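The values are calculated or read from the model by the stated rules, or taken from the named source; none is laboratory data. Quick caveat: nothing in here was measured; it's all calculated off a predicted structure. Every residue, glycine as well, gets a Cβ built from its backbone with ideal geometry; the counts of neighbours run over all protein chains shown.
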């Protein structure tokens with residue numbers, strides 16, 4: 001069991017990681033919320049079917065309400081968000097109530113945004129059940145999607161705590177394992193070259209990761225995320241580096257239809273493209289072909305899905321919340337662990353996107 005401290009200007013809290021982390025939830029509520037009036041659990045259909053009864057047993061004696069939402073990105077719509085607010089009002093939640101986000105990254109984003117906006121903000125706790133959520137559950141960015149862009153309607157609202165019980169990861173399908181592990185790769189590439197080499201050496205299959213290795217990579221990723229958030233809570237500076245791969249990744253998600261490709265798998269394609277630009281523009285020295293071989297052995301696709309237009313991707317990227325004045329901003333690498341933000345021209349992006357689609361690889365030739 002590991003406990004990682006997260007410090008921000010708004011709030012200090014902890015992330016408890018390991019098998020049995022949930023054992024600390026009830027004592028935490030008793031100690032920190034003695035005047036708690038009610039709890040609202042927001043969970044999705046899949047997690048609810050597998051684990052909701054266990055959670056209810058842990059919270060026996062509390063005034064508990066449960067709102068079940070669709071699984072995945074379908075949870076992050078205005079209609080679902082509005083439905084959660086209506087449910088909270090119907091159940092007479094008040095400012096001494098608390099929300100539990102019980103699920104993956106989508107549920108965490110939705111439930112956190114409900115908490116941020118209900119009665120101008122009530123507390124919430126993240127209970128992540130996916131590998132992907134080791135990134136999204138930390139840092140306080142909560143949001144829902146709009147048809148014109150991912151996470152375009154949201155807020156910064158830090159949780160009271162994060163209870164990350166690794167037992168919930170045992171039932172994850174392979175697509176969700178890939179989605180989550182992509183964020184661990186991102187953390188390594190933007191912050192820690194040694195961590196990246198450790199991942200290459202220790203992770204050769206995603207269906208058979210030893211518990212000690214899984215816990216180690218998740219804790220490392222959370223520490224990296226926490227360190228960046230501590231320096232820049234509201235994404236005015238270095239926190240933008242966490243968007244490595246996301247500019248194109250979000251555009252791919254939007255073009256494919258939210259939920260048709262997992263967030264992490266789209267972001268990994270975005271990272272491959274960003275590595276290509278980094279080599280061309282900044283002279284990044286990086287074993288692109290070795291990286292591509294590794295991720296393909298782990299089951300990832302290394303090409304933009306067929307039928308997705310480069311022109312449409314460009315327009316999506318220009319609408320991204322990280323863009324300014326219609327100019328597309330990319331996070332690139334000067335070297336592993338050393339990211340920079342750069343504006344990339346429309347002409348260069350279109351040219352390189354078309355090349356990338358034709359070759360379906362991170363580099364023009366094997367390194």
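Scoring residue 301 on the criteria (1) surrounded by 15 or more Cβ atoms within 10 Å (Cβ to Cβ); (2) without any contact (Cβ under 8 Å) to a residue 40 or more places away in the chain; (3) assigned to a helix (DSSP H, G or I) leaves a single failure, condition (3).
With respect to the conditions (1) surrounded by 14 or more Cβ atoms within 10 Å (Cβ to Cβ); (2) over 21 Å from the mean Cα position of the chain (by Cα); (3) part of a loop (DSSP other than H, G, I, E, B), residue 261 lacks only one, and its number is (2). The one condition from (1) crowded, with 24+ Cβ neighbours inside 10 Å; (2) at pLDDT below 95; (3) in a loop (DSSP other than H, G, I, E, B) that residue 134 does not meet is (3). Residues in the range 98-105: is at least one modelled with pLDDT of 95 or more, over 22 Å from the mean Cα position of the chain (by Cα), surrounded by fewer than 23 Cβ atoms within 10 Å (Cβ to Cβ) and not assigned by TED's automatic domain parsing to the domain that holds residue 218? Within the range 98-105, one or more residues are modelled with pLDDT of 95 or more, over 22 Å from the mean Cα position of the chain (by Cα), surrounded by fewer than 23 Cβ atoms within 10 Å (Cβ to Cβ) and not assigned by TED's automatic domain parsing to the domain that holds residue 218. Output the residue which, of all residues in the range 196-217 that are free of Cβ contacts under 8 Å to residues at least 24 places away in the same chain and in a helix (DSSP H, G or I), is nearest to residue 338 (Cα to Cα). Ranking the candidates gives 197 first.
Condition check for residue 50 on (1) within 20 Å of the chain's Cα centre (by Cα); (2) closer than 13 Å to residue 129 by Cβ: one failure, at (1). Taking the numbered list (1) assigned to a helix (DSSP H, G or I); (2) surrounded by 15 or more Cβ atoms within 10 Å (Cβ to Cβ); (3) modelled with pLDDT of 95 or more in turn, residue 357 passes all entries but (3). Between 281, 269, 295, the distinction of being in a helix (DSSP H, G or I), in the same structural domain as residue 196 (by TED's automatic domain parsing), surrounded by fewer than 23 Cβ atoms within 10 Å (Cβ to Cβ) and within 19 Å of the chain's Cα centre (by Cα) belongs to 295 only.
Note on the range 324-336: residues that are surrounded by fewer than 16 Cβ atoms within 10 Å (Cβ to Cβ) and either in a loop (DSSP other than H, G, I, E, B) or at pLDDT 95 or above (or both) total 4.
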